[in-house]
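Asker: Below you'll find the structure I mean.
The values are calculated or read from the model by the stated rules, or taken from the named source; none is laboratory data. Because the structure is a prediction, the values reported are computed rather than measured. Ideal geometry is used to build each Cβ from the backbone, glycine not excepted, and the neighbour counts take in all protein chains shown.
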Amino acid sequence: MKQRILIRNARILQARKASLLGLHQLLIEDGRIKSIAPNEALEQPGQEGPCRPDDLTHQIDAQGDVLMPGLIDCHVHVLASQMHLGQLGKLPNVLAVLRSVPILDAMIRRGFTTVRDAGGADDALAQATAEGTIVGPRILPSGRALSQTGGHGDMRERSDIIEACACTPKVGAISRVVDGVDAVRKAVREEIQRGATQIKIMASGGVASPNDPIHFLGYSEDEIKAAVGEADNASSYVMAHAYTARAIKRAIRCGVRSIEHGNLVDDEAALMMADAGAFAVPTLITYEALAEEGKALGLPKASLAKIESVRAEGLRSLETFAKAGVSMAFGSDLLGATQRLQSEEFRLRASVLGTAAAIQSATYAAAKLIRREHELGDIFEGALADLILLKGNPIQDIRVLCGQGESIRWVMKEGRLISPPQT
């Protein structure tokens with residue numbers, strides 16, 4: 001028997017247009033939106049048609065509240081239950097996975113029905129949320145991020161001889177060290193064979209790793225091209241961690257689809273991205289969190305010293321991307337206890353770009369980046385029924401999407417209701 005759910009009296013937020021419709025009804029059938037119509041078009045009992053009430057599994061009265069598409073976060077680390085990533089890789093496997101359970105649960109209750117994991121999550125964890133074993137968003141896993149020796153994914157201290165390779169059985173090791181064109185090709189094939197929906201590479205230095213200053217470049221252009229070529233062979237793509245304009249330009253020349261962070265972008269690099277149709281995934285909230293809470297939560301001293309070099313440029317980078325016409329998708333990149341701040345990224349983006357652009361970054365633009373705009377990122381017939389019902393209008397006040405879901409009446413993922421937090 002088909003599951004047929006009717007939602008009535010909903011004001012629909014159209015993400016692509018950033019506009020709000022009057023009262024509408026949606027018919028959901030087997031997890032997808034079957035039809036959308038103005039409220040007055042609802043058929044009465046006894047009449048023929050797809051919305052006949054006696055054929056319904058369930059009816060929901062939205063009571064005039066705002067219905068919008070489920071949110072998409074394009075840069076998370078669902079296994080990052082602690083701040084020190086080097087120590088994370090040493091956790092027992094069962095503990096590493098169990099610690100991800102409350103992280104995933106909290107994400108979906110904030111309205112995030114889809115997340116793109118940027119290193120760590122695998123196909124098994126994606127299956128667990130898909131089948132309901134774990135309550136959480138749809139996961140698009142990258143498997144383990146690829147890093148050169150001494151790069152952003154190499155979490156070894158200088159005195160550490162333990163190899164961060166693919167042979168390690170540690171679930172918490174969210175990256176792997178791979179050097180050379182042939183090794184990179186094989187690594188991409190391995191991650192895709194294990195279920196990665198996209199490949200993450202480290203194309204510059206970073207904050208959370210011990211030995212790579214921000215301005216360092218990650219991988220040769222031949223290695224990056226090898227990763228891009230192998231991903232493309234599998235109808236996938238590469239996302240690249242990159243901060244500086246030089247690193248961004250190298251990545252774009254090599255065919256990378258999305259630039260993660262990009263705080264130190266310049267006009268030339270942004271225009272290259274726009275011309276190539278590449279996406280930016282800024283992650284501003286993580287620098288606020290690292291600066292304010294990193295020391296107390298165990299972030300290494302070497303990482304603390306790097307934060308300000310990218311934090312101050314974050315808001316400026318939004319202006320640079322926007323001026324060049326670069327599409328920006330939502331990302332948070334939070335670690336450990338700071339994962340609770342995920343939705344505060346909306347506040348930072350809206351302060352520069354406005355509420356409409358902030359909302360679109362986590363809906364329509366994000367869906368385009370992950371190549372799922374045909375079924376995610378907006379409310380339309382045929383879309384997956386990933387929906388959130390809000391007590392307010394985020395176009396008028398972005399704070400409706402912030403916090404821990406206090407302004408969310410309920411979340412729906414593929415037609416299945418997720419209870420809101422108890423407040």
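Asker: Considering only residues that are assigned to a helix (DSSP H, G or I) and surrounded by 19 or more Cβ atoms within 10 Å (Cβ to Cβ), which ones fall in the range 87-96?
Answerer: Once the filter is applied, which keeps residues that are assigned to a helix (DSSP H, G or I) and surrounded by 19 or more Cβ atoms within 10 Å (Cβ to Cβ), the range 87-96 yields Leu88, Ala96.
Asker: Of the conditions (1) more than 24 Å from the chain's Cα centre (by Cα); (2) modelled with pLDDT of 95 or more, Ala196 clears all except one; give me its number.
Answerer: With (1) more than 24 Å from the chain's Cα centre (by Cα); (2) modelled with pLDDT of 95 or more applied to Ala196, the lone miss is (1).
Listed here are the residues, each with its yes/no results for (1) basic (Lys, Arg); (2) part of a helix (DSSP H, G or I); (3) without any contact (Cβ under 8 Å) to a residue 24 or more places away in the chain; (4) crowded, with 20+ Cβ neighbours inside 10 Å.
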{"site": "Thr286", "(1), (2), (3), (4)": "no, yes, no, yes"}
{"site": "Ala291", "(1), (2), (3), (4)": "no, yes, yes, no"}
{"site": "Val310", "(1), (2), (3), (4)": "no, yes, no, yes"}
{"site": "Leu334", "(1), (2), (3), (4)": "no, no, no, yes"}
{"site": "Thr338", "(1), (2), (3), (4)": "no, yes, no, yes"}
{"site": "Phe346", "(1), (2), (3), (4)": "no, yes, no, yes"}
{"site": "Ala350", "(1), (2), (3), (4)": "no, yes, no, yes"}
{"site": "Ala357", "(1), (2), (3), (4)": "no, yes, no, no"}
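This table checks each residue for (1) among the small types (Gly, Ala, Ser); (2) surrounded by fewer than 23 Cβ atoms within 10 Å (Cβ to Cβ); (3) under 14 Å from Leu146 (Cβ atoms); (4) under 21 Å from the mean Cα position of the chain (by Cα).
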residue	(1), (2), (3), (4)
Tyr219	no, no, yes, no
Ala231	yes, no, yes, yes
His241	no, no, yes, yes
Arg246	no, yes, no, no
Arg250	no, yes, no, no
Arg253	no, yes, no, no
Gly262	yes, no, no, yes
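Asker: Going residue by residue through the range 275-282, is there one that turns out to be surrounded by 15 or more Cβ atoms within 10 Å (Cβ to Cβ) and under 22 Å from Ser81 (Cα atoms)?
Answerer: There is at least one residue in the range 275-282 that is surrounded by 15 or more Cβ atoms within 10 Å (Cβ to Cβ) and under 22 Å from Ser81 (Cα atoms).
Asker: Could you check how many residues of the range 98-136 are within 16 Å of Leu335 (Cα to Cα), part of a helix (DSSP H, G or I), without any contact (Cβ under 8 Å) to a residue 60 or more places away in the chain and among the hydrophobic types (A, V, I, L, M, F, W, C)?
Answerer: Of the residues in the range 98-136, 3 are within 16 Å of Leu335 (Cα to Cα), part of a helix (DSSP H, G or I), without any contact (Cβ under 8 Å) to a residue 60 or more places away in the chain and among the hydrophobic types (A, V, I, L, M, F, W, C).
Asker: Taking the options Phe321, Phe279, name whichever one is touching a helix residue (DSSP H, G or I) at 6+ places or on another chain (Cβ under 8 Å), at pLDDT 95 or above and farther than 27 Å from Arg185 by Cα.
Answerer: So the residue among Phe321, Phe279 that is touching a helix residue (DSSP H, G or I) at 6+ places or on another chain (Cβ under 8 Å), at pLDDT 95 or above and farther than 27 Å from Arg185 by Cα is Phe321.
Asker: Would you mind finding the one in Ala187, Ala166, Ala173, Ala183 that is over 25 Å from the mean Cα position of the chain (by Cα), over 18 Å from His75 (Cβ atoms) and either at pLDDT below 95 or among the small types (Gly, Ala, Ser) (or both)?
Answerer: Exactly one of Ala187, Ala166, Ala173, Ala183 is over 25 Å from the mean Cα position of the chain (by Cα), over 18 Å from His75 (Cβ atoms) and either at pLDDT below 95 or among the small types (Gly, Ala, Ser) (or both), namely Ala183.
Asker: Let me spell it out: the conditions are (1) more than 21 Å from Arg138 (Cα to Cα); (2) out of contact with any Cys (no Cβ under 8 Å at 6 or more places or on another chain), and Asp378 meets all of them except one. Which number is the exception?
Answerer: (1)
Asker: Follow-up. How many of the residues in the range 28-63 are part of a loop (DSSP other than H, G, I, E, B) and either within 30 Å of the chain's Cα centre (by Cα) or modelled with pLDDT of 95 or more (or both)?
Answerer: 4
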